[in-house]
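Student: Structure incoming, see below.
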Amino acid sequence: LELQSISILRSTIAPYLRFLSLWLFHGQCSQSDIEYGIQSNESFLAARDRGFWINAYNNIYDQYTHSYQSVDRPLDIAYITTKVVACGKALNLLRICSPSHPLCTYGVKFRSKLEVVVTPLQERNLRLTCLDYMTEMTEKMKESHLEFDLKRKTEAAQKSRWRPNPFTEPYA
């Protein structure tokens, strides 16, 4: 009975998980995805300005949430859709602005099929993979901060050493 329930749940939610995977991991959303609460506006998809961010993809529930006092509830479809749209928009913008960003490149190893139910072994492997990823990103962030600090100190040292010679160089 439990396996049948899991099978029915997986079959029922599979189309939504496919939509989520395409939207979040690949930035793809079609007009048919309006069923999941996101409407794309074809005329703004090629824009590379504020219009893309505001108009290319919209939450269809936005028009309803302003008409009444809404409370964000974790299982409210409008709340979930708002979070999914915002996350997808942010990842799309990141892919456009910085395709080499770690979330766009190193995150590839997490771009697998979304699952509702996993075995204990799959969960353990996923936790270990996430831990490896977090460790790797933490190291990269530390390296980036060290490089930035070194660059800043070098520039500050160069500025403090350089003094214009009033006899040979005019003041800027």
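Student: Please state which one of 153, 140 is in a helix (DSSP H, G or I), modelled with pLDDT of 85 or more, farther than 30 Å from residue 55 by Cβ and touching a helix residue (DSSP H, G or I) at 6+ places or on another chain (Cβ under 7 Å).
Tutor: Step by step, each of 153, 140 is checked, and only 140 is in a helix (DSSP H, G or I), modelled with pLDDT of 85 or more, farther than 30 Å from residue 55 by Cβ and touching a helix residue (DSSP H, G or I) at 6+ places or on another chain (Cβ under 7 Å).
Student: Moving on to the next point. From the list 8, 13, which one is in a helix (DSSP H, G or I), surrounded by 11 or more Cβ atoms within 10 Å (Cβ to Cβ), at pLDDT 85 or above and more than 19 Å from the chain's Cα centre (by Cα)?
Tutor: None of the other options fit; the residue is 13.
Student: Just wondering, is there one or more residues in segment 85-104 that are loosely packed, with under 13 Cβ neighbours inside 10 Å, of a type outside the set (Gly, Ala, Ser), modelled with pLDDT of 70 or more and under 24 Å from residue 132 (Cα atoms)?
Tutor: yes
Student: Please state which of the following conditions residue 28 fails to meet, knowing it meets all the rest: (1) open to solvent by less than 90 Å² (accessible area, probe 1.4 Å); (2) at pLDDT 80 or above; (3) assigned to a loop (DSSP other than H, G, I, E, B).
Tutor: (1)
Student: Mind listing just one residue for me: the one in segment 31-44 that is at pLDDT below 80 and not charged (D, E, K, R) and, of those, surrounded by the fewest Cβ atoms within 10 Å (Cβ to Cβ)?
Tutor: In this case the residue turns out to be 32.
Student: Only one of (1) at pLDDT below 85; (2) out of contact with any Leu (no Cβ under 8 Å at 6 or more places or on another chain); (3) β-branched (Val, Ile, Thr) fails for residue 118. Which number is that?
Tutor: Residue 118 satisfies all of (1) at pLDDT below 85; (2) out of contact with any Leu (no Cβ under 8 Å at 6 or more places or on another chain); (3) β-branched (Val, Ile, Thr) except (2).
The values are calculated or read from the model by the stated rules, or taken from the named source; none is laboratory data. Note that this is a predicted model, so its numbers are computed, not measured. When we count neighbours, we look across all protein chains shown, and the Cβ atoms used for this are built from the backbone with ideal geometry, even at glycine. Heads up: the accessible areas ignore ligands, DNA and RNA and are worked out on the full protein's heavy atoms, side chains in. Shrake-Rupley method; radii C 1.70, N 1.55, O 1.52, S 1.80 Å.
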